[in-house]
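The values are calculated or read from the model by the stated rules, or taken from the named source; none is laboratory data. What you see is a predicted model, and the numbers here were worked out from it, not measured in a lab. Neighbour counts are summed over all protein chains in view; Cβ atoms, including those assigned to glycine, are modelled from backbone coordinates with ideal geometry. The protein model used for the area step is the full one, side chains on, heavy atoms only, and it has no ligands, DNA or RNA in it. Shrake-Rupley method; radii C 1.70, N 1.55, O 1.52, S 1.80 Å.
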Amino acid sequence: MTKPQGTGYSQLIQLMRKHGHNKDVEIELGTVTAPPPEVLIRLDSFGFDLDKSDLIFASRVVDTPLKAGDRVIVISNDTHKTFYVIDKAVRY
């Protein structure tokens with residue numbers, strides 16, 4: 001078994017290619033509608049805001065100031081009970 005090579009992102013892609021698509025997990029984009037401490041995030045696929053009780057933040061996101069209008073990458077399970085904010089989304 002070969003270990004994935006490259007950056008963390010390329011390793012993730014390699015693992016996804018090896019193990020296939022997981023239909024139980026959704027990766028979505030959202031927009032910060034209110035910054036911390038009373039953070040609110042609206043997913044592109046939802047018509048309402050998620051509040052901090054719905055969200056779990058990766059430490060890299062906590063260490064980066066979020067402001068209204070920022071785009072974030074959110075992972076959820078198929079039951080949409082827990083939402084993991086894993087990073088800010090930026091376009092170059």
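Before moving on, here are some points about what is shown:
- Residue pairs whose Cβ atoms lie under 9 Å apart, separated by 6 or more positions or on different chains, with the first residue in the stretch 55-70 and more than 18 Å from Ile27 (Cα to Cα) and the second in a loop (DSSP other than H, G, I, E, B) and among the aliphatic types (A, V, I, L, M), are Leu66/Val39.
- Listed conditions (1) more than 9 Å from the chain's Cα centre (by Cα); (2) under 17 Å from Asp24 (Cβ atoms); (3) surrounded by 15 or more Cβ atoms within 10 Å (Cβ to Cβ) are all met by Asn77, apart from (3).
- The stretch 29-54, residues that are touching a residue at least 40 places away in the same chain (Cβ under 8 Å) and surrounded by fewer than 16 Cβ atoms within 10 Å (Cβ to Cβ): Leu29
- Looking only at residues of the stretch 11-28 that are at pLDDT 75 or above and open to solvent by less than 60 Å² (accessible area, probe 1.4 Å), we find that the one that is nearest to Leu55 (Cα to Cα) is Glu28.
- Residue check for Asp70: more than 18 Å from Gly8 (Cβ to Cβ) and modelled with pLDDT of 95 or more: yes
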